[in-house]
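Below is one structure, written out as C-alpha cells; comments come after it.
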Amino acid sequence: MVATRTSEIVAALCGMLQRYNKNNLELGGATKIAAELNIDSVEVMDLVMELEEKFDVDIPINLLSDVETVEDLAKVVAERM
C-alpha cells in the first residue's frame, strides 16, 4: 500500500518539480532534488508548503535533512499521510 502511494506521490512531485527543470531532465524517483535541479533552500521550503497543502500533511523540517531524491521526499510524504 505504501509503495503504491509512494509511486503516486513521485508522479505528483515530478509534475510539481517540472518548473525547476531548466535542463529538461527526465524526472523520476532517482532525480536528485538539489544536485540535478539546483533548487535552493527557499524553493525547497515553497515546495514543502505546496506538498503539505496538496497532500494535507505536516512535514517537520528535521525530516528533510536526509532527503536527497524525489523518491526520498515521496517516502516522507507517504509516511506522514
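The values are calculated or read from the model by the stated rules, or taken from the named source; none is laboratory data. Only a predicted model underlies this, so the values are computations on that prediction, with no experimental measurement involved. For neighbour counting, all protein chains shown are included, and Cβ atoms are generated from backbone atoms with ideal geometry for every residue, glycine included. With ligands, DNA and RNA removed, areas are computed over all heavy atoms of the protein, side chains included. Shrake-Rupley method; radii C 1.70, N 1.55, O 1.52, S 1.80 Å.
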Problem set entry | Residue pairs meeting the criteria (Cβ under 6 Å; at least 6 apart or on separate chains; first in a helix (DSSP H, G or I), in region 67-81; second among the small types (Gly, Ala, Ser)) | VAL70/GLY29; GLU71/GLY29
For this session: Provide a single number: the residues in region 53-66 that are surrounded by fewer than 18 Cβ atoms within 10 Å (Cβ to Cβ), of a type in the set (Val, Ile, Thr) and assigned to a loop (DSSP other than H, G, I, E, B).
Result: 1
For this session: Could you look through region 1-52, keep only residues that are within 21 Å of ALA78 (Cβ to Cβ) and of a type in the set (Ser, Thr, Tyr), and pick out the one that is surrounded by the fewest Cβ atoms within 10 Å (Cβ to Cβ)?
Result: THR4
Seminar exercise, completed: Here the qualifying pairs (Cβ atoms under 8 Å; residues six or more apart or on different chains; first in region 40-57 and in contact (Cβ under 8 Å) with a residue 40 or more places away in the chain and closer than 15 Å to MET81 by Cα; second open to solvent by 40 Å² or more (accessible area, probe 1.4 Å) and not basic (Lys, Arg)) come out as PHE55/MET81
Seminar exercise, completed: Flagged in region 21-47 as touching a Leu at 6+ places or on another chain (Cβ under 8 Å), in a helix (DSSP H, G or I) and modelled with pLDDT under 90, in numbering order, are VAL44, LEU47
